[in-house]
Each structure stands twice: as structure tokens, then as C-alpha cells.
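Heads up: the structure comes next, in C-alpha cells.
Taken together, the values in this text are just the output of simple stated rules run on the coordinates, not laboratory data. Keep in mind that this is a model prediction, so the values were computed, not measured. Cβ placement follows ideal geometry from the backbone for every residue including glycine, while neighbour counts extend to all protein chains displayed.
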Amino acid sequence: MNLSTYILIFFGVLALLSSLFIVKQQTAAVIERFGRFIGVRQPGLRIKIPIIDRISGRISLRVLQLDVAVETKTKDDVFTKLKISVQYKVITDKVWEAFYKLDSPQDQITSYVFDVVRAVVPKLKLDDVFEKKDEIANAVKGELNDAMGNYGYDIIRALVTDIDPAVEVKTSMNRINASEREKVAAQYEGDAARILIVEKAKAEAESKRLQGQGIADQRREIARGLEESVDVLNNVGINSQEASALIVVTQHYDTLQSIGEETNSNLILLPNSPQAGSDMLNNMVASFTASNQIGEAMKKQNLKNPAKKNRDKGVKRKNNSGEESNENDSADK
């Protein structure tokens with residue numbers, strides 16, 4: 001083999017290698033021949049005519065994301081920044097439109113996002129912007145699908161990922177929320193305090209009722225005990241006045257004993273001498289006897305008064321009947 005043969009083999013191998021090319025997965029290659037589009041090559045090992053054909057460009061078929069920050073004004077005159085994330089991809093059957101019709105699809109998408117956001121948000125108040133962010137995202141997606149479909153792009157999803165009002169506005173909103181929460185907390189605390197007061201009042205009322213019932217039962221038992229004590233003393237020949245006085249004196253000494261058991265008591269009971277008990281007993285017997293005598297006298301007086309009243313009524317009736325008879329005689333004459 002001579003030198004010319006080697007040269008031909010070399011150029012042949014070089015031409016073969018230059019005609020082969022690889023297209024990666026999720027990528028499309030645009031082929032031109034003498035500057036004119038002839039086709040799109042899908043992923044894999046592909047062949048083109050050396051020198052005549054060339055790869056004009058490669059375009060990704062993956063889902064891409066474009067973040068757009070838009071500053072606009074709400075209906076209540078609050079300036080806020082919205083971050084819109086647009087997820088889009090090239091339609092496989094429209095690679096030619098995506099490659100040749102748009103020079104910069106990102107700028108095109110950004111312009112549409114600005115247009116839609118600044119048309120929708122000024123109709124909403126700031127609170128509604130937070131509540132209706134999905135509606136804003138759907139409006140952006142719908143507008144972009146109508147516009148970008150002709151250029152070979154499919155809008156997968158549009159998201160409102162951030163709403164950022166001015167710092168002063170956020171501070172005011174935080175104060176408003178804090179005030180509302182404090183108001184609710186105060187209402188709950190007031191309700192709790194009212195319930196505690198009501199329950200405490202009910203408990204105190206129940207305690208007073210039970211205490212009164214206990215005191216009534218105690219006094220009833222004391223009265224029953226005193227009655228039994230008087231009956232016992234009467235059985236041994238002591239009359240009611242002396243028995244009552246003796247019981248009072250006994251209670252007096254019981255009181256002195258209970259006072260003496262209290263170490264921190266500052267009570268002084270006067271008079272407090274051995275003779276005081278005897279004087280108290282004599283005075284009580286005398287007072288009970290005198291009260292009984294007064295009661296008996298009042299009973300006798302009450303018995304006399306009805307008889308006298310009856311006599312007076314009889315005399316009055318007799319006088320009235322005499323006057324009536326005299327009138328009748330005068331009338332007959």
C-alpha cells in the first residue's frame with residue numbers, strides 16, 4: 001500500500017467519525033443543512049453528512065423552572081413583592097417552534113408573569129392576596145399556556161412561593177395579630193375568672209347551708225339534752241327554776257374550763273370568784289321565780305278582762321233594746 005492509500009483511509013475514517021454524533025437523554029438536536037432546518041434528532045447515536053450537515057443547537061426536554069419577582073400594589077395601597085415560580089418544558093413535537101420562534105423564552109415568560117400579576121393583584125386587598133394566592137397562580141398559568149403554546153412550550157405549573165410586604169406592613173400585621181390573640185386570651189381569662197367566682201360562691205353558699213344545718217342540729221340536740229336534764233332534776237325534787245339555774249351555772253363552769261385549756265386566749269371573764277357561782281345561782285333562781293310570778297299574774301289579768309268585756313257587751317245590748325222599744329211606742333202613738 002502506498003502513501004495515497006493511507007491518506008484516503010485516514011480521511012475516510014475521519015469523515016465517518018465526523019458523521020456520527022450522540023444526543024443525550026431528554027435532549028433534542030436541531031440539524032441544519034447549508035443553514036436550512038432539515039430535522040430534529042432524538043436521544044441516541046445519530047448520523048449526519050459531514051461538512052454539509054451541522055448541529056445548529058441542542059434543546060433540553062426537561063422540566064425547567066423560572067423564578068420571577070414582581071413588585072406591585074394591592075387594592076388597599078400596600079406595595080408588596082410576589083415571587084412566582086413557573087415550571088415549563090418544551091413540547092416534544094414542537095421543538096422547531098421552541099428553537100426558532102423565540103430567542104429568549106425566559107424573557108417572554110417573565111413579561112407575561114409581570115402583566116398577569118399586575119392586573120390581578122391590584123384588585124385584591126393584602127389579606128386577600130394571601131388567601132387567594134392559588135387564584136393568582138392559576139391566572140398566571142392560564143395566560144402563559146395560551147401565549148406560550150404557540151411557541152412550543154407547555155406550562156406545567158405556576159406557584160406563588162412568596163408574598164413579601166414592606167417591613168413596616170409586616171410589623172403592623174404582627175401587632176394586629178398579637179392584639180387579637182391578647183384579646184381572645186383576655187376573654188378566656190375573664191370567662192375562667194367568672195367561672196371560678198361563680199363556683200366559689202356556690203361552694204360558699206353550700207358551706208353556709210351545711211354550717212347552718214349543723215348549728216341547727218347542734219342547738220336542737222342541746223335543747224333536747226337540757227330538756228332531759230331538767231326532767232332528771234325534777235325527778236329528784238328540784239323544781240324547774242332551780243334546775244334551769246343549775247344548768248346555766250354548770251355551763252358557766254364548762255366555759256371557764258374550755259377557756260383555761262386555750263393557752264393563747266386573752267379573754268377575761270368577770271366576775272370570776274368562788275362566790276360568783278353561788279351568787280349567780282341565787283340570782284337566777286330569784287329571777288326565774290319572779291318571772292313565773294309575773295307570768296301567772298298576767299294570765300289572771302287576761303282571764304278577768306274577757307269576763308268584764310262580756311258584761312259590758314251585755315249592758316250595751318240591753319240599752320240598745322230599750323231604746324228600740326221606746327221608739328216603737330212613739331211610733332204607735
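Side notes on the structure shown:
- Around R209: net Lys/Arg minus Asp/Glu count, Cβ-Cβ under 13 Å: -1
- Relative protection proxy for 20-28, 139-147, 177-185, from highest mean packing down: 139-147, 20-28, 177-185 (other beta-carbon atoms within 10 angstrom).
- Radius of gyration over Kirkwood radius for segment 64-165, both on Cα atoms: the Rg/Rh ratio is 1.02.
- Placing a pseudo-label 7 Å from each Cα along the Cα-to-Cβ vector at Q26 and S229 gives an inter-label distance of 10.6 nm.
- Neighbours of L124 by Cβ distance under 13 Å: Lys/Arg scored +1, Asp/Glu scored -1, total 0.
- Simple spin-label estimate for R54 and V169 in nanometres, 7 Å along Cα-Cβ: 5.2 nm
- Packing-based ranking of 206-214, 30-38 yields 30-38, 206-214, ordered from highest to lowest mean Cβ neighbour count within 10 Å.
- M298, M173 arranged by Cβ crowding within 10 Å, fewest neighbours leading: M298, M173
- In plain terms, if you count all Cα to Cα distances in segment 3-60 and split them into 5 Å steps from zero, the share in each step is 4, 19, 24, 19, 14, 8, 6, 4, 1, 0 percent.
- The protection proxy used here, the mean number of other Cβ atoms lying within 10 Å of each residue, ranks peptides 43-53, 193-203, 114-124, 66-76 as follows, highest first: 114-124, 66-76, 43-53, 193-203.
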